[in-house]
Amino acid sequence: MEFRELSKQEFDGFAKDHPQSSFLQTSAQATVISERSWNAALVGLVEDGQVVAAAVLSWTHIHTGELFKIDGGMLIDYSNAELVKAFLDGTIAFAKKHNGVYLEVMPNKVHRKFNDEGELLEAPDESVTDLMVSLGGTHVKPTRGMTVTTAPYWQYTKDLTPILESEDPDKALLDSFAKDGKYYTKKVNQFGITTRRLGREDLPAFKDLTQSTADRLHYHDKELSYYEKVFDIFGDDAYFVFSELDFQDYIDAQREKSDDLQKQLDDLDARIAEKPNYKKLKRQRNEFADQQVQHEKRIKDAQAMMEQAGQRKVVLSGALFLASDVEMMYLYSGTYEEYKKYYGPYAVQNYAFKVAIDRKIPRYNFYGISGVLDGSDGVLGFKQGFNGQIEEKVGSYIYPVNKSKYAFYRFAKKVLGRG
């Protein structure tokens, strides 16, 4: 076997339908990395002219040399210890030639799976950790909490295979959701919420949305240049999506429903006048009257919001999705707080689900959650509305490349109180 750099064609041909594939392990992601503050290379093991293992290897400068990282990889058969050893040996040798200090590997492998109640679905898989530690790695266990700098240790996913195999995928999709997911997806349809895929000219508006959300929730958003690079480099596989509401269309629809209810109320009033002791008619009238009050309130609220916005159509929410042959990835998103009552994020998710079904993608990855399973994680709560499963990754593994420099690096971090 030969360890060497791969061409984009070689890498993508191997990676595109690999079971551990993700957007992090694509030639497109390597290009995004290399056009920002890191270096990147496509590396792999080749045997008899065929790629048998591969990874996007990235690196950046630290005080004593270069930090090397494989985020969301390697793409390899972890049951083949000889293959894994050969890949690690080749990667470490590559890192040594480029003044490497240490290598961090974060495999796209699951350690534990949980249902929505936090119960284990199967026995934990210790095989990857056992192997990586036996090959000289120091195991860094998964931590809880959200991250935007690396692949998350905890994520939420949904298997779409049963839906793809059904006779009516759209119906099967809605039926597969949990109670909240069904309710709010139906609501956005009733409200007339629309979705659209954005063009490059819409990216500043997308950035305004995500920045607004980041400011509200106190986290660091990606730069506009990052979204532009993703749009340009991932091309047809990058879906920037907005959900939008036309206030006037919404008001007109609510008015029509209110008018229809008024006709039914008038009819009931006439019938009650004839049968004043008929309790069923009175209960029905009360129900219809309550419904009409809700429609009138929605009309009043929408009129006020349209006036405040100064326009009849507004953006409710948006998200960036990345598609591959293996999974549809929900990556970044934002929601305008003042319009949250219209449930825009459910419309955006429904759009992405439909794309996944059209493209026959078997897995939907909602990506990061905090790993706190006590009901306090609102991000997890939203994602659970679509009925999937919780996954904890195996963590990461540290391999010193230059032992003396790595020891000094660790000592310096300890002195500075950074780890």
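Structure data summary
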item: Accessible area of the chain divided out per residue, in Å², using a probe of 1.4 angstrom; result: 50 Å²
item: Solvent-accessible area, 1.4 Å probe, carbon plus sulfur percent, for segment 110-167; result: 49 percent
item: Amide H contacts of Ile62 (H built 1.01 Å from N, under 5 Å, at least 5 apart or other chain); result: Leu67
item: Label-point separation in nm, His218 to Ala205, each point 7 Å along Cα→Cβ; result: 3.2 nm
item: Solvent-accessible surface ranking, highest first, for Lys279, Lys340, Lys69 at 1.4 angstrom; result: Lys279, Lys340, Lys69
item: Positive-end residue of Tyr342, Pro107, Val188, charge dipole of the chain with Cβ unit charges; result: Tyr342
item: The chain: angle of helix 344-358 to the longest principal axis, Cα-based, in degrees nearest 10; result: 60 degrees
item: 11 Å reach of a label modelled at Lys171, 7 Å along Cα-to-Cβ, counting backbone N of segment 191-206; result: none
item: Within the chain, helix-based [θ] at 222 nm, where runs of 4 or more DSSP H residues each add -39,500 (n - 2.57), nearest 500; result: -14000 deg cm²/dmol
item: Reachable lysines from Lys8, criterion Cα separation under 17 angstrom, eight or more residues apart if same chain; result: Lys16
item: Pairwise label distance in nanometres, Trp38 with Arg255, each label 7 Å out on the Cα-Cβ vector; result: 5.4 nm
item: Length-normalised contact order of segment 249-302 in % [C-alpha pairs under 8 Å, at least 6 apart]; result: 58 percent
item: Leu316 accessible area, 1.4 Å probe, all protein chains in place, Å² to nearest 10; result: 0 Å²
item: Charged-residue dipole, Cβ positions (Lys, Arg, Asp, Glu), segment 126-268 about Cα centre, Debye nearest 20; result: 660 debye
item: Above-threshold pairs, the threshold being 32 Å between Cα atoms, out of Lys207/Lys341; Lys113/Lys360; Lys109/Lys413; Lys229/Lys405; result: Lys229/Lys405
item: Distance between segment 218-286 and segment 51-89 - C-alpha centres, whole angstrom; result: 50 Å
item: Whole-Hz couplings from phi, Karplus 6.51/-1.76/1.60, listed for segment 162-178; x for Gly and Pro; result: x, 6, 5, 8, 7, 6, 10, x, 5, 5, 4, 4, 4, 5, 7, 6, 6
item: Leu416-His139 FRET efficiency (beta carbon distance; Förster radius 22 Å; 0.05 resolution); result: 0.40
item: Label-point separation, Gln294 to Ala309 (7 Å along Cα→Cβ), nm; result: 2.2 nm
item: Carbon and sulfur %, accessible surface of segment 249-302 computed with the full protein complex present, 1.4 Å; result: 46 percent
item: Per-residue HN-Hα couplings for segment 404-415 [Karplus 6.51, -1.76, 1.60; θ = phi - 60°; Hz; x = Gly/Pro]; result: 5, 5, 5, 4, 5, 4, 5, 4, 5, 5, 5, 5
item: Phe68, Phe94, ranked by accessible area, largest first (probe 1.4 Å); result: Phe94, Phe68
item: Among Phe288, Phe382, Phe366: highest mean-square fluctuation, GNM of the chain, C-alpha pairs under 10 Å; result: Phe288
item: Computed FRET value (nearest 0.05) for Ser376 with Glu337, which takes r as the C-beta separation and R₀ as 22 Å; result: 0.65
item: Among Val314, Val230, Val241, residue whose mean-square fluctuation peaks in a GNM of the chain (springs only between Cα atoms under 10 Å); result: Val314
item: Gaussian network model of the chain, springs between alpha carbon atoms under 10 Å - residue of Ser243, Ser176, Ser404 with greatest fluctuation; result: Ser404
item: Principal axes of segment 183-302: Cα extent on each, largest first, Å; result: 71, 30, 22
item: Efficiency of FRET between Gln50 and Gln248 - r from beta-carbon atoms, R0 51 angstrom, step 0.05; result: 0.30
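The values are calculated or read from the model by the stated rules, or taken from the named source; none is laboratory data. Fair warning: this is a prediction, and the values are worked out from it, not measured in the lab. Note that we place each Cβ from the backbone using ideal geometry, even for glycine, and neighbour counts take in every protein chain shown. Protein only, heavy atoms only, side chains kept; ligands, DNA and RNA dropped before computing areas. Shrake-Rupley method; radii C 1.70, N 1.55, O 1.52, S 1.80 Å.
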